[in-house]
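The values are calculated or read from the model by the stated rules, or taken from the named source; none is laboratory data. Predicted, not measured: the structure shown is a model, and the values here were computed from it. Every residue, glycine among them, receives a Cβ derived from its backbone with ideal geometry; neighbour counts consider all protein chains shown.
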Ligand SMILES: [Zn+2]
């Protein structure tokens, strides 16, 4: 089932996620719907907040082609995607990377954001089994972006005021263009 995606301005995007006590069939179905919604919107990640929910849950599927180099692709090969992450925790980060970021809730625009280069993420998978994933490059970026959503934080919050205004103005302008 395709879900409605909350857009910039929605208070639901500012909610703090609540950990799930255990993974039920209903939550597995929600994760499935979130993946379906994400693929249809041509996104690479989606957090529960973005579909108006408060469970600590995000899904990610970053195509290999999003990574800059073979080394990163090889490093990330150990992470089985699509990722369904309940109760995610970033255990550690290292390094720094700058790169382009966008968001299905802040559509039709993007900006460069500084993130950690490497992330170790702990989460509970769709079967209720605890997992640990280590990632670099764009996949590590997606993990940090989705993790932020569960804290009610959007990528534009990381930008300085002037850049944020520019990005949001572009979002509004492109939305008008699309309607025409
Ligand atoms: Zn997002």
Inset, instruction - Find the residue count for region 132-156, including only residues that are in contact (Cβ under 8 Å) with a residue 40 or more places away in the chain and surrounded by fewer than 18 Cβ atoms within 10 Å (Cβ to Cβ). - result: 4
Legend entry - Output for region 122-143, where each listed residue is in contact with a helix residue (DSSP H, G or I) (Cβ under 7 Å, 6 or more places away or on another chain), more than 16 Å from the ligand (Cβ to nearest atom) and under 22 Å from residue 74 (Cα atoms): 135, 136, 137
Inset, instruction - Among residues belonging to region 26-38 that are free of Cβ contacts under 8 Å to residues at least 40 places away in the same chain and within 15 Å of the ligand (Cβ to nearest atom), point out the one that is surrounded by the most Cβ atoms within 10 Å (Cβ to Cβ). - result: 34
Inset, instruction - Would you be able to say whether some residue in region 108-129 is modelled with pLDDT under 95 and out of contact with any strand residue (DSSP E or B) (no Cβ under 6 Å at 6 or more places or on another chain)? - result: yes
Legend entry - Breaking point among (1) in a strand (DSSP E or B); (2) within 16 Å of the ligand (Cβ to nearest atom); (3) on the phi > 0 side of the Ramachandran plot, for residue 152: (1)
Inset, instruction - Could you grab me the full set of residues in region 60-72 that are free of Cβ contacts under 8 Å to residues at least 40 places away in the same chain and surrounded by 15 or more Cβ atoms within 10 Å (Cβ to Cβ)? - result: 61
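Results for (1) under 21 Å from residue 64 (Cα atoms); (2) more than 16 Å from the ligand (Cβ to nearest atom), shown as yes or no for each residue.
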| position | (1), (2) |
| --- | --- |
| 103 | yes, no |
| 108 | no, no |
| 145 | yes, no |
| 157 | no, no |
| 163 | no, yes |
| 177 | no, yes |
Inset, instruction - Kindly list, by first and then second residue, each pair from a residue in region 157-180 that is exposed (fewer than 14 other Cβ atoms within 10 Å of the Cβ) to a residue that is assigned to a helix (DSSP H, G or I) and at pLDDT 95 or above, limited to pairs with Cβ atoms under 8 Å and residues at least 6 apart or on different chains. - result: 157/148; 157/164
Inset, instruction - Would you check which residues across region 39-54 are within 11 Å of the ligand (Cβ to nearest atom) and within 10 Å of residue 4 (Cα to Cα) and list them? - result: 50
